[in-house]
DNA sequence: ATATAGTTTAACCAAATGGTTAATATTTGT
DNA sequence: ACAAATATTAACCATTTGGTTAAACTATAT
C-alpha cells in the first residue's frame, strides 16, 4: 500500500535506521528474550512484538539460536565496556569505588533486567563465557589490581585480595536488582519502598565498601 | 517380575520412602528443573531421570505447573528456615554475622544451584513471592532489626539502615555463586581457582562486613 | 520501462511437547 | 484366595513450536 512507500521515504529523510526491519527485530527480540529467557521466549511472540511476519526473523537471523546470540551480545555490550572504563580510569581508589557504584546503579535502575538476563543465560550455558572473555572489550581488572596493591602497600587500605574486593563491589551493586523479588519479600517492602531503598543505596554503598577496607 | 516384589519388601524393611515413586519423581524433577528452569525442562526428561513412565508424573502431580510448584517450594524450604534460624538466634551481632556467612556459604557450596534457581524463577514470576511471604516459616528480620538498632544506640556500630545491612549480607554471601560464570570470566579464574576463592571467602566476608559497620 | 535483486507474506510442515486413556500389573484388606 | 484399590505402562492425541517455501510485492540499476 501507499503507507509502506510513505514509510520508506520518511525513513530515508529522517535517516532512521532504527526503524528498519532488522533493528526492529533485534529490539523486539531483546524485550522478549530478556523478559522470558531463551527457552521461554517464542519466535511468534517476537514477531508480534516487532509487528512483522515470523518468516522475517529467519530471513534476517536464520534461527532462534542466532537471534538469541545477537541479543545476548548486544545486552552484554551494554554492561561490560562501562565496567572496563570505570575500573581502568586514572582516579584514586576511593573515588573510583564511588564512581563505579553510583554510575552502575544508575544504569541498572534504567535497565533492571539486563544483569539478571546475562547472569541467567550464562548459568544456563557457562561455556558461553569463553567466547566473551576472548573479545576485545571484555573487562580486565589488571589496572585495578595494581591500584589496590599499591593502596595496600601505602597502608591506605587493609590487606585484601583484589578478586575478593572486586566480587564484593559487584555483589553489593548488582545483587539487589537480581534478587529484588526475593528481597522485597524478606524486607516486607513494596515496589515503591524498595525503589527508595535502591535510591538510598546509590549514595551509601560506596561508603560501606570504603569503611570495610580503609585502615 | 520378582525384582519389583523384592524391591518392595526391601524398601519396607529399610523404611526408605526415598526410593518410592513419588519422591523419586520429586528428586528427578528437582534436578532437571534446577538445571533447566521451568520453561527449559521437559516432562520426558524428568521421567527418564526418574526411570519411570511419563504418565506417572501426571498421576502423582497432575501437571508440569504443579510438579514445578512442588519442586520450587521444596527448594525454597531448604533456603529459608536456615536463614530464619540464624537471624533470630540469641547471639551478639558480630558473631551472628560470622555464623550466618559461614554456614550459608557452606550450604551454597553443597547446593550451588538452589539460590540461582529460586531467584531466577522468582524473577520469572514475581507474584509467586506473595504466596511465600504468607507462609509460616518465611524469614522475618524483626529480631535482627531490633538487634541492629540496639547496636547503633550502643555505638557498637555506625548508623545503618537494617534493610540495607541485610541486603549487603545476602549480596556478599549469595551473589558470588549466582554470578559464578560471569565472575570467573572477570577474574580470569578456572573452576578450581574460583572454588579456592570461595573457600577463602567463607572466613573473610564476615570480617569485611564487620569492618564496614563497626565504629 | 523493464529486468534484477531484495523484502515480505500466507500457508505449510515435521518434530516436539504436555497431557490423556485404556488396558495391565501389583498391592492390600479380608 | 480373591476382590477392590492402587500403581504402571504403551499407545495416542491436540496443540505448540521452530523452521520452510513459493508466490507477491517493492526497490534499484540500466
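How do the helices (runs of 4 or more DSSP H) wholly within segment B:35-133 filter down when requiring 2 or more residues that are away from DNA strand C (no atom under 12 Å from the Cβ): which remain?
B:43-50, B:64-88, B:93-110, B:113-124
Go over the candidates A:205, A:215 one by one and state the one that is surrounded by fewer than 18 Cβ atoms within 10 Å (Cβ to Cβ), closer than 23 Å to residue B:214 by Cβ and touching a residue at least 60 places away in the same chain (Cβ under 8 Å).
Exactly one residue qualifies, and that residue is A:215.
Which one of A:23, A:39, A:101 is more than 18 Å from the chain's Cα centre (by Cα) and away from DNA strand D (no atom under 15 Å from the Cβ)?
Just a single option satisfies the conditions, and that option is A:23.
Residues being under 14 Å from residue B:28 (Cβ atoms) and away from DNA strand D (no atom under 13 Å from the Cβ): count how many of those fall in segment B:50-72.
Count: 4.
Go through (1) modelled with pLDDT of 95 or more; (2) at the interface with chain B (Cβ under 8 Å from one of its Cβ atoms) for residue A:157 and report which single condition fails.
(2) is the only condition that residue A:157 fails.
Regarding segment A:171-178, can at least one residue be identified that is within 8 Å of another protein chain (Cβ to nearest Cβ), without any contact (Cβ under 8 Å) to a residue 60 or more places away in the chain, buried (at least 19 other Cβ atoms within 10 Å of the Cβ) and closer than 16 Å to residue B:184 by Cα? Don't jump to the end; show me each part of the working.
Start the filter on segment A:171-178 by keeping residues that are within 8 Å of another protein chain (Cβ to nearest Cβ), which leaves A:171-172, A:174-176, A:178.
From what's left, without any contact (Cβ under 8 Å) to a residue 60 or more places away in the chain: A:171, A:175-176.
Next cut, buried (at least 19 other Cβ atoms within 10 Å of the Cβ) only: A:171, A:175-176.
Next, only the ones that are closer than 16 Å to residue B:184 by Cα stay: A:171.
Yes, because at least one residue in segment A:171-178 is within 8 Å of another protein chain (Cβ to nearest Cβ), without any contact (Cβ under 8 Å) to a residue 60 or more places away in the chain, buried (at least 19 other Cβ atoms within 10 Å of the Cβ) and closer than 16 Å to residue B:184 by Cα.
Is there a residue in segment B:139-156 that is outside any helix (DSSP H, G or I), at negative phi, touching a residue at least 60 places away in the same chain (Cβ under 8 Å) and under 19 Å from the mean Cα position of the chain (by Cα)?
No.
Does residue B:144 count as more than 10 Å from chain A (Cβ to nearest Cβ) and surrounded by 15 or more Cβ atoms within 10 Å (Cβ to Cβ)?
Taking the combined requirement at face value, the residue satisfies it.
The values are calculated or read from the model by the stated rules, or taken from the named source; none is laboratory data. Please read all numbers here as calculations on a predicted model, not as lab measurements. As a convention, Cβ positions derive from the backbone with ideal geometry for all residues, glycine included, and neighbour counts pool all protein chains shown.
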